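To start, the structure under review is shown below, and the notes come after it.
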Amino acid sequence: DPLNPHVYLLLAELEPSVDWSSVEACERMSRGMDYLDPSEGRNTPEYSLYKIYKEWYMGSRDNATRMLISSPSYKSKKPEFCLLSARMSRDEGDWHSAQMMYEEAAAGFGDSVSVLCEAGRAYLLGGDYESALSKYRSAEAFDQGSPVVLRGLIESYLRLGRSGEAM
């Protein structure tokens, strides 16, 4: 769960070279939640990502887009930057671009249930119910009890007219 603060404390112990406070702030921002502003002056890829998220979610979308596109991490298709691009496209209602970038992010993150569910949601909202179902089925393989996965599966099946399977 990318919103669980205890996960970031554990990750900081396991992998102290990563700026987990910036990662957590990005996840909370992307969901419209309050977040703690990480320390200024960090020279980490995670803090660079945070600055782009902050620009985007604080209303400076053109500047955020410029920052993302010029970022070396985005150019090299780092999954965190692809995920941000997908979220930006999603926020703009550009489902095709969002779906393409969610595919890039999902490939980079591997078995991330959270990213698979976000991708599934983008496919649902874009009207591609088969692809949405595929993403939620992939997420189900890793977390069968997740309410987000179950709701996504149900909605996908219903949109496909497969109410028996939705039940």
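The values are calculated or read from the model by the stated rules, or taken from the named source; none is laboratory data. Just so we're clear, the structure is a prediction, and the values are computed from it rather than from any experiment. Counting neighbours? That spans all protein chains shown, and the Cβs are built from the backbone with ideal geometry, glycine included. For the accessible areas, the whole protein counts, side chains as well, though only heavy atoms, and no ligand, DNA or RNA atoms are used. Shrake-Rupley method; radii C 1.70, N 1.55, O 1.52, S 1.80 Å.
For region 113-125, putting each phi into the Karplus relation 6.51 cos²θ - 1.76 cosθ + 1.60 with θ = phi - 60° gives couplings of 4, 4, 5, 4, 5, 4, 5, x, 5, 5, 5, 4, 5 Hz, in residue order, rounded to whole numbers and with x for Gly and Pro. With point charges of +1 on the Cβ of Lys and Arg and -1 on the Cβ of Asp and Glu, referenced to the Cα centre of the chain, which listed residue (TYR74, SER112, MET29) lies farthest in the positive direction of the dipole? Selected residue: TYR74. Taking all protein chains as shown and a probe of 1.4 angstrom, ARG42 keeps an accessible surface of around 80 Å². Within a straight-line Cα-Cα reach of under 18 Å, LYS78 can be paired with the following lysines, leaving aside sequence neighbours fewer than 8 residues apart in one chain: LYS51.
In a reduced charge model with +1 at each Lys and Arg Cβ and -1 at each Asp and Glu Cβ, the chain shows a dipole moment near 380 debye about its Cα centre.
If you take P(r) over Cα pairs in 10 Å bins from 0, in percent from the coordinates, which of (1) 11, 40, 36, 13, 1; (2) 11, 32, 28, 21, 8, 1; (3) 11, 36, 35, 15, 3, 0 do you get? Correct label is (3). Rolling a 1.4 angstrom probe over the protein heavy atoms with all chains in place gives region 12-167 an accessible area of 53 Å² per residue.
Can you compute the modelled spin-label distance between LEU160 and ARG31, with each label point 7 Å from Cα toward Cβ, in nm? Placing both labels 7 Å along Cα→Cβ, they lie 2.7 nm apart. Surface composition of region 1-100: carbon and sulfur atoms hold 54% of the protein heavy-atom accessible area at a 1.4 Å probe. One decimal place: the segment SER134-SER70 gains 19.8 nm when fully extended, by the rule 0.36 nm per residue minus the C-alpha distance. Counting only protein chain heavy atoms and rolling a 1.4 Å probe, the accessible areas of LYS75, LYS135 rank, largest first, as LYS75, LYS135.
Rounded to whole Å, the principal axis extents of the Cα atoms in region 1-74 read 35, 25, 20, largest first.
In this calculation the C-beta distance from GLU13 to ALA141 is compared with R0 = 45 Å, giving a FRET efficiency of 0.95.
Can you tell me the 0 to 90 degree angle between the C-alpha axis of helix 5-14 and the longest principal axis of the chain, rounded to 10? Roughly 60 degrees between the two axes.
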